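The structure under discussion is supplied below as structure tokens; questions concerning it will follow.
The values are calculated or read from the model by the stated rules, or taken from the named source; none is laboratory data. Computed from a predicted structure; not experimentally measured. Please note: Cβ atoms are built from the backbone with ideal geometry, for glycine as well, and neighbour counts cover all protein chains shown. Heads up: the accessible areas ignore ligands, DNA and RNA and are worked out on the full protein's heavy atoms, side chains in. Shrake-Rupley method; radii C 1.70, N 1.55, O 1.52, S 1.80 Å.
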Amino acid sequence: MADTPHRPIRSYVLRMGRLTDGQQRAFDEYWPRFGLAHSDGSLDYPAVFGRDAPRVLEIGFGMGQSLVAMAAAAPGTDFIGIEVHRPGVGKLLHSMAEQGVDNIRIYCHDAVEVLRDCIPPASLDTIQIFFPDPWHKKRHHKRRLIQSAFAAQLVAYLKPGGILHLATDWENYAEQMLEVVSATPGLENTAGGGNFAPRPDSRPLTKFEQRGERLGHGVWDLLFRRM
């Protein structure tokens, strides 16, 4: 009997939620222009964006509110978003059209595979991961995205001096992130050893985060630089 191939642990559960009519229309109309296919392989940034500019990659952009706000505020920067949930991609495309934002390109695919197969080494100025699923039950912590092996892989995609920016509203996950990333070779904490960073102005406050602040909930940012 043949061995069953080892299946990697996923950091997400693929929820097959339906797109709203508006999200579906946005997907149908704008995906051909702004969508990227994992199957196309290595990403040619100048060909895709029509220029050579600073590059930011966001993993797991959710419904895309902060990503579209960041892209609107930095028209001279190119943004690549990765999200596995189609409603979130449809919402982002809808928001881009509403706000006239055209400096985002999108993968609707597993981020680990996109990094492995599509993102050239040392090609990104920033990698950002905001509010990843905390998998708050202890027995599920192995599903958390920020683990030692993944953090080590991220370093290779940053340019020297590039920034890894993480944020979470779960203190336990924040502490794990800080421990993991602090121990990752090639990264240095911009806030000093053992410290979290103040939220930079470049990361917009989401409505969810604003509500959490009013309720006294904490949010922790980590900014590490590739040496």
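What number of residues within the range 109-136 are part of a strand (DSSP E or B), over 24 Å from D169 (Cα atoms) and touching a helix residue (DSSP H, G or I) at 6+ places or on another chain (Cβ under 7 Å)?
Qualifying residue count, the range 109-136: 1.
Could you grab the pairs with beta carbons closer than 8 Å, sequence gap of 6+ or different chains, first residue in the range 55-74 and within 14 Å of K91 (Cβ to Cβ) and open to solvent by 30 Å² or more (accessible area, probe 1.4 Å), second one charged (D, E, K, R) and not in a loop (DSSP other than H, G, I, E, B)?
M63/K91; Q65/K207
Restricting the search to the range 150-197, which residues are outside any strand (DSSP E or B), under 17 Å from the mean Cα position of the chain (by Cα) and of a type in the set (G, A, S)?
A151, A152, A156, A174
Considering each of R7, R25, R15, R51 in turn, give the residue that is modelled with pLDDT of 95 or more, of a type in the set (D, E, K, R), over 17 Å from the mean Cα position of the chain (by Cα) and not in a strand (DSSP E or B).
R51
Under 9 Å between Cβ atoms, which residue pairs at least 6 apart in sequence (or on different chains) link something in the range 36-49 that is over 11 Å from Y107 (Cβ atoms) with a partner that is of a type in the set (S, T, N, Q)?
That search, which allows pairs on different chains as well, returns Y45/S123; F49/N103.
Follow-up. Can you tell me which residue in the range 201-213 is nearest to the chain's Cα centre (by Cα), limited to those that are open to solvent by 60 Å² or more (accessible area, probe 1.4 Å) and modelled with pLDDT of 80 or more?
Restricting to residues being open to solvent by 60 Å² or more (accessible area, probe 1.4 Å) and modelled with pLDDT of 80 or more, the top hit is S202.
What about Q147, is it free of Cβ contacts under 8 Å to residues at least 40 places away in the same chain and closer than 22 Å to L223 by Cα?
yes
Here's something else I'd like to know. How many residues, within the range 75-86, are of a type outside the set (A, V, I, L, M, F, W, C) and either open to solvent by less than 10 Å² (accessible area, probe 1.4 Å) or at pLDDT below 95 (or both)?
Here the count works out to 4.
Which of the residues spanning the range 128-143 are closer than 19 Å to T206 by Cβ and in contact (Cβ under 8 Å) with a residue 40 or more places away in the chain?
Q128, I129, F130, F131, P132, D133
So which residues in the range 146-162 are open to solvent by 30 Å² or more (accessible area, probe 1.4 Å) and touching a Pro at 6+ places or on another chain (Cβ under 9 Å)?
A152, A156, Y157
Here's a follow-up. Please work out which residue is most open to solvent (accessible area, probe 1.4 Å), limiting yourself to the range 87-127 and to residues that are under 17 Å from R33 (Cβ atoms) and among the charged types (D, E, K, R).
Among residues in the range 87-127 that are under 17 Å from R33 (Cβ atoms) and among the charged types (D, E, K, R), the one most open to solvent (accessible area, probe 1.4 Å) is E98.
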